[in-house]
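S.K.: I am attaching a structure below and will ask some questions about it afterwards.
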Amino acid sequence: MKEGIKIVTVGGGSSYTPELVEGFIKRYDSLPVRELWLVDIPKGEKKLETVGQLARRMVEKAGIPMEICLTLDRREALKDADFVTTQFRAGLLDARAKDERIPLKYGVIGQETNGPGGLFKGLRTIPIILDIIRDMEELCPEAWLINFTNPAGMVTEAVFRHSNWRKIVGLCNVPIGMKMGVAELLDVKPERISIDFAGLNHMVYGLNVYLDGKPVLDEVIGKLAHPDKGMTMKNIADLGWEPDFIQALRLLPCPYHRYYYQTEKMFEEEKQAAAESGTRAEVVQQLEGELFKLYEDPELAVKPPQLEKRGGAFYSDAACSLIDSMYNDLQDIQPVNTMNRGAIASIPDDSAIEINCVITKDGPKPIAIGDLPVPVRGLVQQIKSFERIASEAAVTKDYHTALLAMSINPLVPSDTKAKQILDEMLEAHGLDFVKRGGERTLVK
Ligand code: G6P
């Protein structure tokens, strides 16, 4: 490694980038980023320029020698990178709006990571990630890929199954959001809370919760057992849990579990929101417009607090701590998406899971939990099967594999609806999938 670190962020024109820049500035002493390359596509050039200029002002204000390089040439950026972060949105927010809106017509939640929306986001994203990996193999074979692009679990799974690249860590802000949510419930500082996380991305449970090392799961569950008091993130309606259910579960669910345990209510909620203020993509389009107006202000030289209205708030903390711990071999514990390697007994060893890991310079080492409790094991396995088959569909572009993925998603009620939704979404996104007469190539 040359003096200082070279980081490349694909999707650098994202409105989230100022968070990342703030995170690197805060940690400059332990994580000396020499160059931060922000890469985008020609369509995103204007946003890249705006965000890039803000990043330069932030760095200048902080008085650190971090060079911000802007480019539309990914290969130029990747050369000799130490860490590559991916946060792009294939198809931009317009594609997300379709993912969220079309399934609603069929009485199904779209959701950009969990339901039919997640499948389509995966179909668009996975080929691009595999392309980036091919470039990395050639241009920066020693680098680590830190992926935040959704659906992060499915993307990590696809990399393990459909490439030889192993230096990938999938990252999400849900665990950090849960930790902050618990701290708020207990009215204590987040640093005093720790959680035993295990499951999959957007399907992660807190198996135990500790305050200053003392188990407090029962107390937390007691506080959650109110019909009108949940714990959520900005992009998910804060529906309370059925008090008796949450007591029976005796695990800390993540905000996304509402889609599975409160499917009807969430559907009604999303349908109403779509009719009144637009789907989440449409709300975010508006929010982005406001954020970019702020970013254009030449006087602005810090991350504006309005960014915290986005669902991914605080993700930079997770990302920068992860990179810091890997670079400095800190061997602390962080929840990330990595290869199972036996950490959860009922999930294949070579699948991606989200779990507490010891973070080392050689990557995350998952902390084995034995197995997931029986009441949640089946759902987690079903989502894992969905992710596997969806990632195969993304690689083979086989219609039947895509249909299979859609049909086994727990939010999709029947084979007929699965086909209707799939067909309409394939057409809306202009995707060409071929029927291979049911002959499947990869999934065993
Ligand atoms: C959550 C998820 C992220 C997701 C984000 C969407 O925080 O953990 O994976 O990207 O929400 O937020 P948005 O503001 O785009 O709806």
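The values are calculated or read from the model by the stated rules, or taken from the named source; none is laboratory data. Remember, it's a predicted structure, so these values are computed and weren't measured experimentally. Quick reminder, even Gly has a Cβ in these numbers, built from the backbone with ideal geometry, and neighbours come from all protein chains shown. Protein only, heavy atoms only, side chains kept; ligands, DNA and RNA dropped before computing areas. Shrake-Rupley method; radii C 1.70, N 1.55, O 1.52, S 1.80 Å.
S.K.: Is there a residue being of a type outside the set (S, T, N, Q), within 16 Å of the ligand (Cβ to nearest atom) and either open to solvent by less than 10 Å² (accessible area, probe 1.4 Å) or under 21 Å from LEU372 (Cα atoms) (or both) anywhere in the range 208-226?
M.R.: no
S.K.: Please find, among GLY44, GLY117, the residue that is within 30 Å of ALA273 (Cα to Cα), part of a helix (DSSP H, G or I) and without any contact (Cβ under 8 Å) to a residue 24 or more places away in the chain. Spell out how you get there, then give the answer.
M.R.: Values: GLY44 fails: without any contact (Cβ under 8 Å) to a residue 24 or more places away in the chain.
After applying the criteria, what remains is GLY117.
S.K.: Pairs under 6 Å by beta carbon, first residue closer than 12 Å to VAL21 by Cα in the range 60-82, partner hydroxyl-bearing (Ser, Thr, Tyr), six or more apart or different chains?
M.R.: ILE64/TYR28
S.K.: Is there any pair with a first residue in the range 387-407 that is modelled with pLDDT under 95 and a second that is open to solvent by less than 10 Å² (accessible area, probe 1.4 Å) whose Cβ atoms are under 6 Å apart and which are 6 or more apart or on different chains, and what are they?
M.R.: Here the result reads none, with nothing in the range 387-407 linked to a residue that is open to solvent by less than 10 Å² (accessible area, probe 1.4 Å).
S.K.: Is it true that ALA237 is within 16 Å of the ligand (Cβ to nearest atom), out of contact with any Lys or Arg (no Cβ under 7 Å at 6 or more places or on another chain) and assigned to a loop (DSSP other than H, G, I, E, B)?
M.R.: So ALA237 passes the test.
S.K.: Taking the condition over 24 Å from the mean Cα position of the chain (by Cα), among the basic types (Lys, Arg) and under 23 Å from ALA301 (Cα atoms), does ARG34 pass?
M.R.: Numbers: over 24 Å from the mean Cα position of the chain (by Cα): yes; among the basic types (Lys, Arg): yes; under 23 Å from ALA301 (Cα atoms): yes.
Here the answer is yes, as ARG34 does meet what is asked.
S.K.: For ALA55, indicate whether it is of a type in the set (A, V, I, L, M), over 17 Å from ASP135 (Cα atoms) and within 16 Å of the ligand (Cβ to nearest atom).
M.R.: Numbers: of a type in the set (A, V, I, L, M): yes; over 17 Å from ASP135 (Cα atoms): yes; within 16 Å of the ligand (Cβ to nearest atom): no.
So ALA55 does not fit the description; no.
S.K.: Scan the range 132-165 for residues that are open to solvent by 20 Å² or more (accessible area, probe 1.4 Å) and under 18 Å from the mean Cα position of the chain (by Cα) and report the count.
M.R.: 3
S.K.: Follow-up question, since we're still on this one. Just to be sure, is ASN201 within 24 Å of LYS361 (Cβ to Cβ) and surrounded by fewer than 18 Cβ atoms within 10 Å (Cβ to Cβ)? Break it down into steps so the answer makes sense when it comes.
M.R.: Details: within 24 Å of LYS361 (Cβ to Cβ): yes; surrounded by fewer than 18 Cβ atoms within 10 Å (Cβ to Cβ): no.
When the stated conditions are applied, ASN201 does not pass them.
S.K.: Test GLY118 against the criterion of being closer than 18 Å to PHE386 by Cβ and in contact with a Pro (Cβ under 7 Å, 6 or more places away or on another chain), and give yes or no. Steps first, answer last, please.
M.R.: On the way: closer than 18 Å to PHE386 by Cβ: yes; in contact with a Pro (Cβ under 7 Å, 6 or more places away or on another chain): yes.
Answer is yes for this residue.
S.K.: When the range 386-424 is examined, which residues are found to be open to solvent by 10 Å² or more (accessible area, probe 1.4 Å), within 26 Å of VAL376 (Cβ to Cβ), of a type in the set (A, V, I, L, M) and part of a helix (DSSP H, G or I)?
M.R.: ILE389, LEU404, ILE408
S.K.: I'd like the full set of residues that are within 14 Å of the ligand (Cβ to nearest atom), of a type in the set (S, T, N, Q) and not in a strand (DSSP E or B), limited to the range 145-199.
M.R.: THR149, ASN150, THR156, ASN173
S.K.: If ARG34 satisfies every condition in (1) on the phi > 0 side of the Ramachandran plot; (2) not in a loop (DSSP other than H, G, I, E, B) but one, which is the exception?
M.R.: With respect to (1) on the phi > 0 side of the Ramachandran plot; (2) not in a loop (DSSP other than H, G, I, E, B), ARG34 is out only on (1).
S.K.: Within the range 92-118, which residues are open to solvent by less than 10 Å² (accessible area, probe 1.4 Å) and of a type in the set (Ser, Thr, Tyr)?
M.R.: none
S.K.: Please verify whether the range 30-39 includes one or more residues that are more than 21 Å from SER316 (Cβ to Cβ) and without any contact (Cβ under 8 Å) to a residue 40 or more places away in the chain. Show your work before the answer.
M.R.: Taking the range 30-39 and keeping what is more than 21 Å from SER316 (Cβ to Cβ), we get none.
Scanning the range 30-39 turns up no residue that is more than 21 Å from SER316 (Cβ to Cβ) and without any contact (Cβ under 8 Å) to a residue 40 or more places away in the chain.
S.K.: Please find, within the range 119-131, the residue that is farthest from ALA90 (Cα to Cα) out of those that are surrounded by 23 or more Cβ atoms within 10 Å (Cβ to Cβ) and in contact with a Leu (Cβ under 9 Å, 6 or more places away or on another chain). Talk me through it step by step, then tell me what you get.
M.R.: Kept after step one, since they are surrounded by 23 or more Cβ atoms within 10 Å (Cβ to Cβ), are these residues of the range 119-131: 119-123, 125-126, 129.
Keeping just the survivors that are in contact with a Leu (Cβ under 9 Å, 6 or more places away or on another chain) gives 119-120, 123, 129.
Values: LEU119: 13, PHE120: 10, LEU123: 10, ILE129: 10 Å.
It comes out as LEU119.
S.K.: Pairs needed: first member in the range 83-96, of a type in the set (Ser, Thr, Tyr); second member anywhere, in a strand (DSSP E or B) and buried (at least 20 other Cβ atoms within 10 Å of the Cβ); C-beta distance under 7 Å; at least 6 residues apart or different chains.
M.R.: THR85/ILE7; THR85/THR9; THR85/ILE146; THR86/VAL10; THR86/LEU145; THR86/ASN147
S.K.: Applying the selection to the range 249-259, what residues are open to solvent by 80 Å² or more (accessible area, probe 1.4 Å) and either within 16 Å of the ligand (Cβ to nearest atom) or assigned to a helix (DSSP H, G or I) (or both)? Can you show your working first?
M.R.: Our first condition is that a residue be open to solvent by 80 Å² or more (accessible area, probe 1.4 Å); within the range 249-259, this holds for 250.
Passing the criteria: none in range.
Conditions tested, residue by residue: (1) under 17 Å from the mean Cα position of the chain (by Cα); (2) of a type outside the set (Lys, Arg).
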position	(1), (2)
GLN53	no, yes
MET58	no, yes
ARG89	yes, no
TYR106	no, yes
LEU119	yes, yes
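S.K.: Please go through the range 300-339 and pick out each residue that is in a loop (DSSP other than H, G, I, E, B) and either crowded, with 23+ Cβ neighbours inside 10 Å or within 16 Å of the ligand (Cβ to nearest atom) (or both). Before the answer, list the steps.
M.R.: If we filter the range 300-339 for residues that are in a loop (DSSP other than H, G, I, E, B), which is where we start, we get 300-304, 310-314, 328-332.
The answer is LYS303, PRO304, ARG310, GLY311, GLY312, ALA313, PHE314.
S.K.: Of all residues being of a type in the set (Val, Ile, Thr) and surrounded by fewer than 23 Cβ atoms within 10 Å (Cβ to Cβ) in the range 340-366, which is nearest to ILE389 (Cα to Cα)? Just the residue, please. Spell out how you get there, then give the answer.
M.R.: Narrowing the range 340-366 to residues of a type in the set (Val, Ile, Thr): 344, 347, 353, 355, 358-360.
Okay, now just the ones that are also surrounded by fewer than 23 Cβ atoms within 10 Å (Cβ to Cβ), so 347, 358, 360.
Numbers: ILE347: 15, VAL358: 29, THR360: 31 Å.
My answer is ILE347.
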